[in-house]
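Chemist: What follows is a single structure, and I will ask about it in a moment.
Read the figures in this text as sums done on the coordinates, not as results from a lab. This is a predicted model, so every value here is computed, not measured. Here Cβ is always computed from backbone atoms with ideal geometry, including for glycine, and neighbour counts include all displayed protein chains.
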Amino acid sequence: MQHLIVVAAALVTTWACTPVVRLIGKRLGIVAHSGGRHIHKGAIPRIGGVAMFIGFLTAVLVRYLGERLWDWPAVLTRPDQRFWGVFGGITLMFLVGVIDDIIDIKPGQKLAGQVLAAGIVIYSGVGISFVGNPFGGGLILLGVLSIPLTLLWIVGFANVINLIDGLDGLAAGVSAIAAVSLLVLAQQSNQPVSAVLAAALLGACVGFLRFNFNPASIFMGDSGSLFLGFTLAVISLLGVMKSVAAITLVVPLLIIGVPVFDTFSAIVRRRRFGRPIQEADKGHIHHRLLGRGFNQRQTVLIIYAWSVALAVGGYAMRWAPPWLRLATFVILAALSGLMAYWLGLFEAAHHDGDD
């Protein structure tokens, strides 16, 4: 019940704040214009992440007040430097996104801000200290490799959500599906802080979708996509990957499998055809589906369904015996491979500026 209240607080607050943020974006000229890789028409405000962050903060505050005033089980009121480090990192990542939405900072500056935000989380004691074999037993202590792997994990998560944010409702919907999965896993793994953050993020995503689903009247911008990806990364570190029984990189990667697969295919495609990895193209999953004749809504719903399938697979791998984990992984990998072949994800794509 308490998690439902947190979800509702984030949902209602985001839903109420989004029209205000949309108006501010229009007045200040913080908009995304049509053309290039953008398929929308007109100028659309692109700071929806501000409303999502306000909803997220409100939900966390509701949880805190519930513990102080209504005798809810202590989660946020317990002394824990990890929570404040996580909260500080999330806030900094959000601010990096806001600044980029307003003034379009250079890629190097954006990356520096992301690394700093991740560093705050790592300094607070959150990290990947060991990994396990998802298909059997045994643990491997990472030692000095813990910090760079954790840094790569957090920054990578943030950017894969950013890269998939190309259609109305896509990033918010995929993030909501991931948040539901991580909430369930965190609750079952007895990781209450992770569960609270997942519930708050879920509510923010659903509340924002009211205005972001096609036809969108506002975009989340980097302030939203970086915030979502960063928060999902931290939730996975605090929740799924803090339990020895669940310690595997595969589960959270499957939960956000579509954006991860999209990013991987983009890197392979650009390397294969001699393009810079950071160069944008129209070869992403949503571009390919649109090219197959699906409209925006159909494309987004297909990716939602794909995301749900991978999230269910991640859940199955969390609890299943080793042989079923392997079978699940093979089936999901085969289906994703067939999807990639059908869409031509590794084939040449149209680039901005091409004729």
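Chemist: Measure off 7 Å from each Cα along the Cα-to-Cβ vector at residue 112 and residue 144, then give the distance between these two points in nanometres to one decimal.
Modeler: 2.6 nm
Chemist: Same structure again: Step through the residues of the range 105-118 one at a time and calculate ³J(HN,Hα) from phi using the Karplus curve (6.51 cos²θ - 1.76 cosθ + 1.60, θ = phi - 60°), rounding each to whole Hz and writing x for Gly and Pro.
Modeler: Taking θ as phi minus 60°, the curve returns 5, 5, x, x, 5, 5, 5, 4, x, 5, 5, 5, 4, 5 Hz for the range 105-118.
Chemist: Distance from a point 7 Å along Cα→Cβ of residue 84 to each backbone N in the range 62-76: keep the residues under 18 Å and list them by number.
Modeler: 64-65, 68, 75-76
Chemist: How high is the relative contact order of the range 2-343, given as a whole-number percent (alpha carbon pairs under 8 Å, six or more residues apart)?
Modeler: 23 percent
Chemist: Out of the range 248-325, which chymotrypsin sites (Phe, Trp or Tyr not before Pro) are coil in DSSP terms and have no more than 16 other C-beta atoms within 10 Å?
Modeler: Here the sparse-neighbourhood loop sites are 273, 294.
Chemist: Sticking with the crude label model, points 7 Å out along Cα→Cβ, report the distance from residue 333 to residue 26 in nm, one decimal please.
Modeler: 5.0 nm
Chemist: Further question: Using the number of other C-beta atoms within 10 angstrom as an exposure proxy, rank 93, 220 with the fewest first.
Modeler: Arranged by neighbour count, lowest to highest, 93, 220 become 93, 220.
Chemist: Calculated from DSSP H runs of 4 or more alone, at -39500 (n - 2.57) each and per residue, what is the 222 nm mean residue ellipticity of the chain, nearest 500?
Modeler: -23000 deg cm²/dmol
Chemist: List every residue whose amide H lies under 5 Å from the amide H of residue 32, counting only residues 5 or more places away in sequence or on a different chain, with H placed 1.01 Å from N in the peptide plane.
Modeler: Here 44, 46 satisfy the definition.
Chemist: Continuing with the same structure: Taking R0 as 25 Å, what's the FRET efficiency between residue 152 and residue 305 from their Cβ-Cβ distance, rounded to 0.05?
Modeler: 0.30
Chemist: Taking Cα extents along the principal axes in Å straight from the coordinates, which label in (1) 62, 42, 38; (2) 59, 50, 35; (3) 61, 53, 35 is the correct one?
Modeler: Identified label for the calculated read-out: (2).
Chemist: Follow-up question, since we're still on this one. Under a 5 Å amide H to amide H cut-off, with H placed in plane at 1.01 Å, what residues pair with residue 130 once short-range neighbours are removed?
Modeler: Under 5 Å from the amide H of residue 130: 142.
Chemist: Same structure again: Would you calculate the separation in nanometres between label points at residue 342 and residue 43, each defined as 7 Å from the Cα along the Cα-to-beta-carbon direction?
Modeler: Going by the 7 Å Cα→Cβ label model, 4.1 nm.
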